[in-house]
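In what follows, a structure is listed as structure tokens, so that the remarks can point back to it.
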Amino acid sequence: MIDITDIKLSNAQIAWRAAQDIEDGAYVNLGIGFPEMVARFQPEGKQAVFHTENGVLDFGKAPALGDEDWDLINAGKKAITLKPGTSFFHHADSFAMVRGGHLDLAVLGAYQVAQNGDLANWSTGKGGIPAVGGAMDLVQSAKRIAVLTDHVTKKGDPKLVEACTMPLTGVGCVTRVYSSLAVIDIENEHFVVREKVPSIPMDDLQSLTGARLHTDGPVTDLICPKDLA
């Protein structure tokens, strides 16, 4: 097994890279947990409008430690702040926004992503939340679905696979994967590598992936700031 400990990106670096691709003014839902980090790294001159399923639109950054107002939270129960124009609405209205196709992007985590864009990001196993939750609505309704994930599991098994073996969240929904080793698009039911960390050869990246990797042009270096937290 290839040791990628010293070359793979941190979660913060993956989130930073994903944030660079979000258009100014895009309506974006960030999945609970790791994807919420994307909000920290909005590029200069760009600002997404963040949506959360519990009924808030265009909220601000996380408050300083000790300044939290626990009546103001996102779907992951993380404290948020208000901005001029922040809106509150009923949970049902929030899902009407989702199901009505009003979100430009949903950013989610994953257990597995298949080469045809199938996504598995929930589990009924030990410690898992025994329901798919709002992710099922998000992946079928948002205009684009991006996944943030380690390239392999803690055991070293590929998370990018030919076909998912875990319960599906959505079918053929994922458009781009930001992994700890590469940026990969899903096109015509194939993984297409756009960027990879400079220190991993393509052959090694392929050995850590459970389906064939394709290219349709130069693969650029995936370089992120090192001092992110």
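The values are calculated or read from the model by the stated rules, or taken from the named source; none is laboratory data. These numbers were taken from a predicted model, which means no experiment stands behind them. Here the Cβ is made from the backbone with ideal geometry for all residues, glycine too, and neighbour counts use every protein chain on show.
Could you tell me whether LEU30 is out of contact with any helix residue (DSSP H, G or I) (no Cβ under 8 Å at 6 or more places or on another chain) and either within 19 Å of ALA106 (Cα to Cα) or surrounded by 15 or more Cβ atoms within 10 Å (Cβ to Cβ) (or both)?
Working: out of contact with any helix residue (DSSP H, G or I) (no Cβ under 8 Å at 6 or more places or on another chain): no; either within 19 Å of ALA106 (Cα to Cα) or surrounded by 15 or more Cβ atoms within 10 Å (Cβ to Cβ) (or both): yes.
When the stated conditions are applied, LEU30 does not pass them.
It is to be established whether one or more residues within region 88-107 are touching a Ser or Thr at 6+ places or on another chain (Cβ under 7 Å), among the hydroxyl-bearing types (Ser, Thr, Tyr), buried (at least 18 other Cβ atoms within 10 Å of the Cβ) and in contact (Cβ under 8 Å) with a residue 24 or more places away in the chain.
No, because not a single residue in region 88-107 is touching a Ser or Thr at 6+ places or on another chain (Cβ under 7 Å), among the hydroxyl-bearing types (Ser, Thr, Tyr), buried (at least 18 other Cβ atoms within 10 Å of the Cβ) and in contact (Cβ under 8 Å) with a residue 24 or more places away in the chain.
Cβ-Cβ below 8 Å, separation at least six or inter-chain, first residue in region 170-189 and without any contact (Cβ under 8 Å) to a residue 60 or more places away in the chain and more than 15 Å from PRO158 (Cβ to Cβ), second of a type in the set (Phe, Trp, Tyr) and crowded, with 16+ Cβ neighbours inside 10 Å: which pairs?
ASP185/PHE191
Looking at GLY60, GLY66, GLY76, GLY45, which is the one that is of a type outside the set (Ser, Thr, Tyr), in a loop (DSSP other than H, G, I, E, B) and more than 26 Å from ILE14 (Cβ to Cβ)?
The conditions single out GLY66.
Okay, residues lined up against (1) modelled with pLDDT of 95 or more; (2) of a type in the set (A, V, I, L, M); (3) over 20 Å from GLY33 (Cα atoms); (4) in a strand (DSSP E or B):
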position	(1), (2), (3), (4)
LYS155	no, no, yes, no
THR165	yes, no, yes, no
GLY172	yes, no, yes, no
ILE186	yes, yes, yes, yes
PRO198	yes, no, yes, no
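Are any residues in region 59-71 among the hydrophobic types (A, V, I, L, M, F, W, C) and either modelled with pLDDT under 95 or within 20 Å of the chain's Cα centre (by Cα) (or both), and if so, which ones?
Step one: of region 59-71, the residues among the hydrophobic types (A, V, I, L, M, F, W, C) are 59, 62, 64-65, 70.
Of everything in region 59-71, those that are among the hydrophobic types (A, V, I, L, M, F, W, C) and either modelled with pLDDT under 95 or within 20 Å of the chain's Cα centre (by Cα) (or both) turn out to be PHE59, ALA62, ALA64, LEU65.
Among the residues of region 11-59, write down those that are touching a Phe, Trp or Tyr at 6+ places or on another chain (Cβ under 9 Å) and of a type in the set (Gly, Ala, Ser). Outline the logic, then answer.
Pass one, region 11-59, residues touching a Phe, Trp or Tyr at 6+ places or on another chain (Cβ under 9 Å): 11-12, 14-21, 27-30, 37-41, 48-53, 55-59.
Result: ALA12, ALA15, ALA18, ALA19, ALA39, ALA48, GLY55.
Report, by residue number, each residue of region 214-229 that is among the hydrophobic types (A, V, I, L, M, F, W, C) and either at pLDDT 90 or above or closer than 13 Å to ARG194 by Cβ (or both).
The answer is VAL219, LEU222, ILE223, CYS224.
For ASP185, state whether it is over 17 Å from the mean Cα position of the chain (by Cα) and among the charged types (D, E, K, R).
no
Step by step: first the residues of region 9-23, then only those that are among the charged types (D, E, K, R) and not in a helix (DSSP H, G or I), then the one that is surrounded by the fewest Cβ atoms within 10 Å (Cβ to Cβ). Which residue is that?
Selected residue: GLU23.
Say whether the condition of being more than 28 Å from ILE7 (Cβ to Cβ) and modelled with pLDDT of 95 or more is met by at least one residue in region 123-136.
No, that holds for no residue.
Which residues, taken from region 1-20, are within 15 Å of the chain's Cα centre (by Cα) and in contact (Cβ under 8 Å) with a residue 24 or more places away in the chain?
Of everything in region 1-20, those that are within 15 Å of the chain's Cα centre (by Cα) and in contact (Cβ under 8 Å) with a residue 24 or more places away in the chain turn out to be LEU9, SER10, ASN11, ALA12, GLN13, ILE14, ALA15, TRP16, ARG17, ALA18, ALA19.
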